[in-house]
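Below is one structure, written out as structure tokens; the observations come after it.
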Amino acid sequence: MRYLKNNLLVLTDDDPDDCEFFLDTIETINIDIPIQVFNGGDQLMEYLTNINSKLPDIIFLDLNMPVKNGFECLKEIRSNERLKKICTIIFSTSYNNSDIELSYKLGANAYIQKPFNREEMQNILKNTLDTDWNDPCSALDKHNFVLHA
């Protein structure tokens, strides 16, 4: 967490079970950082485009959400001057290569496939939060990161 400046994480996911798993895991690794949860891409973008909103250090963004999906959010984030440098990590159950490729094409900093157990989730979150996203390759060789060639 030494690289976080704004001291805020954002999770955007419409699955309540995935949100609870994420939040419970953060709690178990004793990371004391505020987390804002949005249940859809439309809510995320409404928050981010509000000039008075505190911008996060990292956005964990699910792909498959109703109303506005992760691809649409990523496209909007990268095209907005105020938002485009926010570290945005796709956090999805999809193992589809076309989803991974499109995520990187649209500007994702990383693509992480959601783990199925707490130990994997703990490792992913620890590594993600201890990565200097100005030099993302510093930690991408660790757990479950999918690199863009």
Result: in region 9-146 the number of Lys pairs with C-alpha under 17 Å apart, spaced 8 or more or on different chains, is 10
At 0.890 mPa s and 25 °C, Stokes diffusion of region 9-146 via Kirkwood alpha-carbon radius, µm² per second:
164 µm²/s
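Among residues other than P66 whose Cβ falls under 10 Å from its Cβ, what is the net charge (Lys/Arg +1, Asp/Glu -1)? Walk me through the numbers before you get to the answer.
Working: positive: K68; negative: D14, D42.
Residues close to P66 contribute a combined charge of -1.
What is the extension gain from N7 to V67, computed as 0.36 nm multiplied by their sequence separation minus the C-alpha to C-alpha distance, in nm to one decimal?
Details: separation 60, 0.36 × 60 = 21.60 nm, distance 2.83 nm.
Extra length from N7 to V67 when fully extended: 18.8 nm.
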Under Karplus coefficients 6.51, -1.76 and 1.60, residue-wise ³J(HN,Hα) of region 29-42 in Hz, glycine/proline x:
9, 6, 9, 9, 9, x, 10, 9, 10, 10, 8, x, x, 5
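State the extension gain, in nm to one decimal, for the chain segment bounded by D24 and L55, taking 0.36 nm per residue of separation less the distance between their alpha-carbons.
Values: separation 31, 0.36 × 31 = 11.16 nm, distance 2.28 nm.
Once the chain is fully extended between D24 and L55, it gains 8.9 nm.
Would you please put 25-35, 98-108 in order of how densely packed they are, using the mean number of other Cβ atoms within 10 angstrom per residue and starting with the highest?
The peptides rank, most packed first, as 98-108, 25-35.
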Amide H within-cut-off set for Q36, under 5 Å, with H built and near neighbours excluded:
L9, V10, L11
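A short reminder: the numbers here are calculations on the coordinates, not readings from a lab. Since this is a predicted model, take the numbers as computed values, not measurements. Cβ atoms come from the backbone with ideal geometry, glycine included; neighbour counts cover every protein chain shown.
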